[in-house]
1. Taking the alpha-carbon centroid of each part, what is the distance from the range 226-288 to the range 114-150 in angstrom?
2. Given the rule -39500 (n - 2.57) for each run of at least 4 DSSP H residues, summed and divided by the residues of the chain, what is its mean residue ellipticity at 222 nm, to the nearest 500 deg cm²/dmol?
3. Straight-line reach from Lys133: which aspartates and glutamates have a Cα under 13 Å away, not including same-chain ones fewer than 8 places off?
4. Run through all the Cα pairs of the range 274-321 and give the fraction in each 10 Å bin from 0, expressed as whole percent.
5. Which of the peptides 26-36, 103-113, 318-328 is most tightly packed, and how do the rest follow, going by the mean number of other Cβ atoms within 10 Å of each residue?
6. Run the dipole for the chain about the Cα centre, Lys and Arg Cβ at +1, Asp and Glu Cβ at -1, nothing else charged, and hand back the magnitude in debye, nearest 20.
7. How much length, in nm to one decimal, is gained on full extension between Lys161 and Glu321, taken as 0.36 nm per residue of separation minus their Cα-Cα distance?
8. For the chain, compute Rh as the Kirkwood radius over C-alpha pairs and then the Stokes-Einstein diffusion coefficient at 10 °C and 1.306 mPa s; write the answer in µm²/s, rounded to an integer.
Amino acid sequence: MNYQYTNEFRHHLVEWFNKEKRDLPWRRTSDPYKIWVSEVMLQQTRVDTVIPYYNRFLEKYPTLQDLAYAPQEELLKMWEGLGYYSRARNLQAGVKEVVEKYNAAVPDNRHDISKLKGVGPYTAGAILSIAYKKAEHAVDGNVMRVLSRVLHIEEDIALHKTRKVFEEAVEMLIDEQHPGDFNQALMDLGAMICTPTSPKCLLCPVRDYCTAFSEGDADQLPKKSKKVKNKKVHFKVFIATDQEGRFLIEKRPSEGLLADMWQFPMIETNENSICEETFEQNYNVQIANYIDKDLLKFKHVFSHLTWEMDCIQVQAEQKMELPNDAHFQPIEQIRTLPMPVPMLKILNVLN
Ligand code: SF4
């Protein structure tokens, strides 16, 4: 794109954004902490879902200090339902670092902000451009889609190294006077107009500068190689109550998927396994009664994994001490603990 075209492109884009932008709570602030929270929540999550979480979260943790020292269990409870819980833990760790190392002022340069836990190149660029008005790139999937079409970039966006190509493209195009608006305009254009399928080119403010539009192949871009297959794992989930009607639950390990969240005991099934025996051995209990052998069946899909859940309800007698991190708890107590979405689904069918 030549100089004049570049100028016109950014002008039309930013003008469109100012007219059409969605009124979102994090667009009414220039506080870098609040923008940081919104950007972390928006990763992998839809805008409509994020809005109530964002409002509740900032009511509970209005400042960096409030979040930095919040108990982790309370934090996970606030995040419950948003998924990808490591985002919450990383956000808290990053915020704590800002409080302790930078005197509670979020760094205003890429070098320092990128060192904070959980702050990748996209989040860094979003905070710097929106809160501090720095001409920094913030490349997410929407931005790659729009620019792959406008500039006809055919590199595979599934490859990590391709991001650099788009970062350089943004550096070339960015509006230095309004970098935050420019970055958000690209994101909004990708979300609202230049959608993955059937882009609404006739409504597009930058149609005159778009190579894919003039070549008629927008639906072929961006190029993306196939993802690895989603793996299926089948679990039998034991909803076990003791004689007092309390439910057996356990805390997941502190590392890995859904770390530190609470769950009902799950036993992975395969052709040879007798789940009931494994359950009894692992938890030092004995099944006294089957209450419901077919309580609930459902699937829960993560990015690379699907859990197929087969839930049964039993009455169990404790034989020996329960393993660490497993407890019988009244249901009211369980409802206050952070639990991942598949466990909340089960909780919903229990009285
Ligand atoms: Fe996307 Fe069409 Fe606009 Fe090009 S003209 S940026 S393909 S919506």
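1. Answer, in whole Å: 39.
2. On the way: 15 runs with 150 residues, N = 351.
That calculation yields -12500 deg cm²/dmol at 222 nm.
3. Asp31, Asp108, Asp175, Glu176, Asp181
4. Spelled out bin by bin, the range 274-321 gives 23, 41, 28, 8 percent.
5. On the way: 26-36: 18.3, 103-113: 15.0, 318-328: 13.0.
Top to bottom by mean Cβ count within 10 Å: 26-36, 103-113, 318-328.
6. On the way: 44 positive and 50 negative charges, 110 e Å.
The calculated dipole for the chain is roughly 520 debye.
7. Values: separation 160, 0.36 × 160 = 57.60 nm, distance 5.16 nm.
Taking 0.36 nm per residue and subtracting the Cα distance, the gain is 52.4 nm.
8. Numbers: Rh = 23.0 Å.
Approximately 69 µm²/s, per Stokes-Einstein.
FYI, it's all coordinate maths here, none of it is from the lab. Everything numeric in this text was worked out from a predicted model, so none of it was measured. With ideal geometry, Cβ positions are generated from the backbone for all residues, glycine too; neighbour counts draw on all protein chains shown.
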